[in-house]
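Novice: Pasting a structure below so you can have a look.
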Amino acid sequence: MSAAFALCLPFTANAGHDDNGTDPDNRSQAVKGFNLTANGTKAMNHGKSQLERSVITTSWGGGDIEVYDKDYGDNGWHGYADCTDWNALWTSCDIIRVRFNQYSYKTSSQWKSLGCHEFGHTADLGHRARSNDTDNNSCMREEIWPLYYDQHDLNAIKAGT
Amino acid sequence: MHAREDFNFTTVNALVGTAPVIVKGTVLSAEPGRKVGGVEDGGVDQARNVTLRVDSVLKKGGYTIPSTLTLEEWGWDAAGNAYQMEHLTWSQVGDTGYYFLDKDVMLTTWRYASSQGRVLIKDGVTKSSADPDGPLFPLIEGRTNSDFYAELKRLLDPANAGQLTVLPQPVPASGEQQNEVPDDGATEPVPDGSTDDGSEPTPYPSST
């Protein structure tokens, strides 16, 4: 019943920043990029390496985290992550899609930060704010571009996946 | 869908100062809109076009604001599953509220300045589309319409223009920048092995 209800509505998570991403179905995630630009590859590589710092182990290959980049146009976002294959109850995700938008100019560091950010969503992380990242060192922030997960993020991945 | 957007507003001041257009409007209809992407891009998504009747214009940012406008929302994924951007729920016919908008530079449609850019009025009380856990939400949610409107008018009063926070708009990347921006020295080991073999993405819903 709950699954049927969920299928009728736009989906989103409504929880705190620690578990407000997409919950992966396990802690072993294969990463695959599809026809990425150099910037998209840079973002993916950095995101994968940051995920490796957590309890999640990664490998190269399809079926878990699939990464795309393109000029998606003036749509207001730099990147996003969503699930393309939920389990039956929509509680965890088999295949998580990451998209990077080439439309807006970003520095090399910003591309890496974006990779860290979107891969954080694949590990069930939500956004951080100044109020809960007072030392400004989490790439899950939106208004600044840190390069790494902080210890809070790493703990949250451990707790949430 | 969890996105990193151009803007993550933390104050009403910044939302009002940065959004080029602010209107009060009423949703007349909604229907499927344009399709974007392809198999090689992870699937074809389809937008949702919301027809908004403009009841009043509070800020027009140099644009000519029509009496009705088409506002783009998201959407459906390639499997036909509906999704929303962050906490911005789908607009419903009859919704009335304040819309903080920008014009898509390449299309005729309008879009939200961010997923935080809608404040509905329900039973005379404001309902924010911002993240309930974020700093903007409590500054908007649950206020009376008259109170929120008064703040908008105060912020938009030309006499207070110098007090508005205007965040810089994103700069479109040139073709060369899209190919690769110069490395700025941040170090990170790059994993070995090719990850870009050009193969087809996994069909979804997955059969695995």
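Novice: For a quick check: with amide H placed at 1.01 Å from N, whose amide H comes under 5 Å from residue A:83's, ignoring anything fewer than 5 positions away on the same chain?
Specialist: The list, which skips near neighbours in sequence, is A:97.
Novice: Right, next: Please give the charge dipole size of the protein assembly as shown, origin at the Cα centre, charges +1 on K and R Cβ atoms and -1 on D and E Cβ atoms. Round to the nearest 20 debye.
Specialist: On the way: 30 positive and 51 negative charges, 250 e Å.
Dipole size: approximately 1200 debye.
Novice: If you add up the charges near residue B:178, with Lys and Arg at +1 and Asp and Glu at -1, over every other residue whose beta carbon is less than 15 angstrom from its beta carbon, what do you get? Working shown, then result.
Specialist: Details: positive: A:42, A:70, A:99, A:106; negative: A:69, A:71, A:74, B:41, B:176, B:180.
Charge balance in the 15 Å sphere: -2.
Novice: Let me know the shape class of region A:58-140, please: from the alpha-carbon gyration tensor, a ≥ b ≥ c as square roots of the eigenvalues, rounded when a/c is under 1.5, otherwise prolate if a/b is greater than b/c, or oblate.
Specialist: Working: a/c = 1.83, a/b = 1.22, b/c = 1.49.
It comes out oblate by the Cα gyration axes.
Novice: Here's a follow-up. Indicate the gyration tensor shape class of region B:1-73 (rounded, prolate or oblate), computed on the Cα atoms with a ≥ b ≥ c the square roots of the eigenvalues: a/c under 1.5 is rounded; otherwise a/b larger than b/c is prolate and the rest oblate. Show your work: numbers first, answer last.
Specialist: Details: a/c = 2.59, a/b = 1.36, b/c = 1.91.
It is oblate, given that a/c is not under 1.5 and a/b is not larger than b/c.
Novice: Ok, one more. Among the listed pairs A:106/B:35; A:112/A:158; B:35/B:59; B:122/B:153, give every one whose C-alpha distance is greater than 28 Å.
Specialist: Details: A:106/B:35 26 Å; A:112/A:158 22 Å; B:35/B:59 30 Å; B:122/B:153 20 Å.
Too far apart for the 28 Å limit: B:35/B:59.
Novice: If the label point is 7 Å along Cα→Cβ of residue B:92, which residues in region B:51-72 have backbone nitrogen under 19 Å from it?
Specialist: Under cut-off, by backbone N: B:51-53.
Novice: Roughly speaking, what is the centre-to-centre gap between region B:1-53 and region B:61-114 when only Cα atoms are used, to the nearest Å?
Specialist: Using only Cα atoms to place each centre, the spacing works out to 4 Å.
Novice: Taking the DSSP beta bridges in the protein assembly as shown as the whole, what percent of them are antiparallel, to the nearest 5?
Specialist: Details: 51 of 68 bridges.
Of the beta bridges lying entirely in the protein assembly as shown, close to 75 percent run antiparallel.
Novice: Another one. With +1 on the Cβ of every Lys and Arg and -1 on the Cβ of every Asp and Glu, and nothing else charged, how large is the dipole of region B:1-115 about its Cα centre, in debye rounded to the nearest 20? Please list the in-between numbers first.
Specialist: Details: 10 positive and 14 negative charges, 99 e Å.
Roughly 480 debye, rounded to the nearest 20.
Novice: Shielding of B:66-78 by partners, i.e. mean partner chain Cβ atoms within 10 Å per residue? Mind dumping the intermediate values first?
Specialist: Details: counts 0, 0, 0, 0, 0, 0, 2, 1, 4, 1, 1, 5, 2.
Taking the mean over all residues of the peptide, I get 1.
Novice: Going by how many other beta carbons lie within 10 Å of each one, how would you line up A:72, A:105, B:98, fewest first? Before the final figure, lay out each step's value.
Specialist: Numbers: A:72 20, A:105 14, B:98 26.
Neighbour counts put them in this order, fewest first: A:105, A:72, B:98.
Novice: Calculated FRET efficiency, residue A:105 and residue B:123, Cβ-Cβ r, R0 35 Å, to nearest 0.05? Spell out each step's value before the answer.
Specialist: Working: r = 44 Å, r/R0 = 1.24.
The computed FRET efficiency comes out at 0.20.
Novice: Quick check: residue separation of residue B:44 and residue B:82 times 0.36 nm, minus the Cα distance between them. What number comes out in nm?
Specialist: Details: separation 38, 0.36 × 38 = 13.68 nm, distance 1.27 nm.
Length gained, residue B:44 through residue B:82: 12.4 nm.
Novice: Let me ask another. Could you work out the relative contact order of chain A, using alpha carbon pairs under 8 angstrom and six or more residues apart, expressed as a whole percent? Before the final figure, lay out each step's value.
Specialist: Values: 340 pairs, mean separation 46.6, N = 161.
The value is 29 percent.
Novice: Using θ = phi - 60° and the Karplus form 6.51 cos²θ - 1.76 cosθ + 1.60, what ³J(HN,Hα) does each residue of region B:48-59 get, whole Hz, x for Gly and Pro?
Specialist: 10, 9, 9, 8, 10, 7, 8, 7, 7, 10, 9, 8
Novice: Mind listing the phi-derived Karplus ³J(HN,Hα) values for region A:41-48, rounded to whole Hz, using 6.51, -1.76 and 1.60 with θ = phi - 60°, and x for any glycine or proline?
Specialist: Each residue of region A:41-48 in turn: 5, 4, 5, 5, 4, 5, x, 5 Hz.
Novice: At what distance in nm do the modelled label points of residue B:64 and residue A:134 sit from each other, each positioned 7 Å from its Cα along Cα→Cβ?
Specialist: For residue B:64 paired with residue A:134, the spin-label model returns 5.3 nm.
Novice: Then there is this: Say each of residue B:150 and residue A:71 gets a label point 7 Å from the Cα, pointing the same way as Cα to Cβ; how far apart are those two points in nm?
Specialist: For the pair residue B:150/residue A:71, the computed spacing is 4.8 nm.
Novice: Considering the options A:89, A:105, B:142, tell which one lies farthest towards the positive end of the dipole of the protein assembly as shown, charges being +1 on Lys and Arg and -1 on Asp and Glu at the Cβ, about the Cα centre.
Specialist: Checked the options; the winner is B:142.
Novice: Classify region B:40-153 from the C-alpha gyration tensor, please: rounded if a/c falls under 1.5, else prolate or oblate depending on whether a/b exceeds b/c. Each step should come with its number before you reach the end.
Specialist: On the way: a/c = 2.01, a/b = 1.36, b/c = 1.48.
Taking the square roots of the gyration eigenvalues as a ≥ b ≥ c, region B:40-153 is oblate.
Novice: ³J(HN,Hα) across region A:59-70 via Karplus (A = 6.51, B = -1.76, C = 1.60, θ = phi - 60°), whole Hz, x for Gly/Pro?
Specialist: Result, ordered by residue: 9, 9, x, x, x, 10, 10, 10, 10, 10, 9, 5 Hz.
Novice: Here's another thing I want to ask about it. Could the peptides B:16-23, B:148-155 be put in order, highest first, of the mean number of other beta-carbon atoms found within 10 Å of their residues? Please report the intermediate quantities before stating the final value.
Specialist: Values: B:16-23: 21.5, B:148-155: 16.1.
For the peptides B:16-23, B:148-155, the packing ranking is B:16-23, B:148-155.
Novice: If you don't mind, another one. Rounded to the nearest 500, what is the 222 nm mean residue ellipticity of chain A from helices alone, with -39500 (n - 2.57) per DSSP H run of 4+ residues and division by all residues?
Specialist: Numbers: 4 runs with 46 residues, N = 161.
Roughly -9000 deg cm²/dmol at 222 nm, from the helical runs in chain A.
Any read-out appearing in this document is the output of simple, stated calculations on the displayed coordinates, not a laboratory observation. Please read all numbers here as calculations on a predicted model, not as lab measurements. Glycine gets a Cβ as well: all are built from the backbone with ideal geometry, and neighbour counts include every protein chain shown.
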